[in-house]
Amino acid sequence: MEKRKKDIDLDAIVAKYRPVVSFRVKKSIGVRTPDWEDVVNEIMINVVEKLKKGEFRGDSSIGTFIYTITSRRIIDFIRKKSKVLKHAPEPNPYLSPQEHVENRERAQWIADSIEKLKPKYKEILYLYYYQELSREEVAKKLNISPRRVSERVNYAQKLLRKVMRE
């Protein structure tokens, strides 16, 4: 196995297969996609790393090994792009100066209201909403049960509404 690693000429492999990988990537994701060169570079880096680690066992040809890596990276890229596009929100229209000031005042009002809460309620709101941790993650961080996290979040919201009404 060690002899096999030494026999592999990485520069020759990159020189030989980079055009093939580039062609396959361009064909799959399109030449007009500005990221195609980045995808090719990631694939070639991945191939070199795997070869250096000895992950190529020689069960197939080096071309098949590279083809498999290329196919997987292309699929990953397409999935990532379609996921981003599927969940991308519509851009907000520009706010008028008045709306901008109102939003800033509202945010300050909420921040001032949160400051009036007890520290344990401020912390739970911060972790759950601002840091977007799950109930389980908040529970671990605070050494309480996930059920208790829900109770505190709900109670903190109730207190916040009460403070904001005053």
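Quick note: the coordinates plus some simple rules give every number you see, no bench work behind them. Because the structure is a prediction, the values reported are computed rather than measured. Note that each Cβ is placed from the backbone with ideal geometry, even for glycine, and that neighbours are counted across all protein chains shown.
Each Cα pair under 8 Å and six or more residues apart adds its separation to the average, and for region 2-87 the resulting relative contact order is 33 percent.
In the chain, the longest principal axis of the Cα atoms and the axis of helix 62-87 are about 20 degrees apart. Computed over the chain, relative contact order equals 16 percent, with contacts defined as Cα pairs under 8 Å that lie 6+ residues apart. Annotation: extensible slack from Glu102 through Val20 equals 23.9 nm (criterion: 0.36 nm per residue apart, minus Cα-Cα distance).
Could you give log10 I(q)/I(0) at q = 0.12, 0.23 Å⁻¹ for region 110-165, computed by the Debye formula over C-alpha point scatterers of equal weight, without solvent? Debye curve over Cα of region 110-165, log10 I(q)/I(0) at q = 0.12, 0.23 Å⁻¹: -0.24, -0.82.
Among the listed options (1) 14.9, 41; (2) 26.6, 78; (3) 14.4, 44, the one matching Rg and Dmax of the Cα atoms in Å as calculated from these coordinates is (2). As a calculated quantity, the FRET efficiency between Ile8 and Ile75 at R0 = 30 Å, using C-beta atoms, amounts to about 0.70.
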